[in-house]
1. Any idea what log10 I(q)/I(0) is at q = 0.18, 0.22, 0.25 Å⁻¹ for segment 44-106, Debye with uniform C-alpha scatterers and no solvent?
2. Hey, how many Å between the Cα centroid of segment 188-255 and the Cα centroid of segment 98-132?
3. At q = 0.12, 0.17 Å⁻¹, what is the log10 ratio I(q)/I(0) for segment 71-127, with the Debye formula run over Cα points and no solvent?
4. I'd like the Karplus ³J(HN,Hα) series for segment 229-244: coefficients 6.51, -1.76, 1.60, θ = phi - 60°, whole numbers in Hz, and an x wherever there's a Gly or Pro.
5. Take the Cα atoms of segment 250-299, find their three principal axes, and give me the spread along each one in whole Å, biggest first.
6. Using alpha-carbon positions, what is the distance between the centroids of segment 312-384 and segment 55-96, in Å?
7. Give the Debye-formula value of log10 I(q)/I(0) at each listed q (0.21 Å⁻¹), with one equal scatterer per alpha carbon of segment 130-280, two decimals each.
8. As an exercise, use a Förster radius of 30 Å and the Cβ-Cβ distance of Asp111 and Lys145 to find the FRET efficiency, rounded to the nearest 0.05.
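The values are calculated or read from the model by the stated rules, or taken from the named source; none is laboratory data. None of these values were measured; they are calculated from a predicted model. As a convention, Cβ positions derive from the backbone with ideal geometry for all residues, glycine included, and neighbour counts pool all protein chains shown. Just so you know, the surface numbers come from the protein's heavy atoms only, side chains and all, with ligands and any DNA or RNA stripped out. Shrake-Rupley method; radii C 1.70, N 1.55, O 1.52, S 1.80 Å.
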Amino acid sequence: MKTKPKLICPICGAEYNGPVQRCECGEPVEFEPFKGEPYLGKTVWERFYDFWPVEPELELSLGEGDTPLVRSKLGKELGVKLYLKNETVNPTWSFKDRGTFLAMSYALKADYKAVGTVSTGNMAASVSAYASRFGLNAKILVSEKTGDEKLRAVSVYGADVIRVKGDYGRLYFDSLKLGERLGVYFINSDNPFRVEGYKGIAFEIAEEVTPDYVLIPTSSGGLFRGIAKGFLELRESGLIEELPVLVAVQAEGCSPICRAFKEGKGRLERFENPKTIAQAIANPYPPSGNAVLRLLREFGWPCVSVGDEEIIGAQRELAGEGLFVEPASATGMAALEKLGESGVIPEGSKVVSILTGSGLKALSHVEGGKIVECPIDELENCLR
Ligand SMILES: *Cc1c(COP(=O)(O)O)cnc(C)c1O
Ligand SMILES: [Zn+2]
């Protein structure tokens, strides 16, 4: 059995023992650092057992995590060794499943009957799927702009999908408050258990390579914080010697973290009129933005933003290697090209790019390849 770990605010240092999600200062709390050793085991949950804040419900796992690290040819031109962490093979086709599984394990043990989230995309599908699996009710809050088609991949699992009219930015905070009152455990983008689940990406990478750089598509900041915490805990446990450089990657059309970073601001401001093809990373006011900014400053890590043209180009290059990812997930590759060309990432570096989610999630904008029309009697000619 695991002892109950403390929660700490990374910004003001306040400590909590209860299941809070945000500090009184307004920032997200996180679990105190874990130390441990790896064990033999089939799943990442078993091999890194010491590092989870709650006992993972292994018999309810859908096989999240333990994703392939694919050696890519795309780094050749830039002279780097590129590895692609393929998170698109998770049960609902994005890395969100890792965090959802761990948070759901907590919700079940804490005897919640319902869970919720605020999302229109990958997180909504992930929470809906795992709620079904765990036998819990799911309340999915979406903005009034979300179309029916997008919601089919969410409601199919049986969740209550609630389209909310009004300020979408307020929903994150209102959901936490109301959830506490009504006994619905909200697993939003930077829920402390969710962030812990994402550490598995760092653990699995470290089992295979010692990267110099890791490229991380960043929206709310939960994924970035999770991977950072994972590498830090590995170092504190003596399992790796040095931290890789973690690169926060955003879309130019919605880059509140990179903007605040470049302007030297200590606090984030809302990014007005966001517009990017990378819908999955278009949060204009990331709830973990200040926490990410602090990590970037503390460790001297960069923030890079990339344009839609570069994103589409990178998406096509990845497809050319057999990996079809959504635009948000191609931003890492686009950033690599920018950083490689400008010499920020030197030749010979080992680089990992996180392919966060599947291209099938965002088909509408994709320009397909060539299609040949062929009458059956001319098949022989068509095949030549
Ligand atoms: C959620 C998501 C991200 C960003 O993760 P955050 O924790 O919000 O920073 C990146 N790519 C995809 C495909 C996602 O679904
Ligand atoms: Zn605080």
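1. Values, matching the q order: -0.70, -0.88, -1.03.
2. 21 Å
3. These q points yield log10 I(q)/I(0) values of -0.45, -0.66.
4. Karplus values, whole Hz, x for Gly and Pro: 5, x, 5, 4, 5, 4, 5, 4, 8, x, 8, 9, 8, 10, 7, x.
5. Over segment 250-299, Cα extents along the principal axes are 31, 17, 16 Å.
6. The distance from the Cα centre of segment 312-384 to that of segment 55-96 comes to 16 Å.
7. The computed values of log10 I(q)/I(0) come out as -1.37.
8. 0.30
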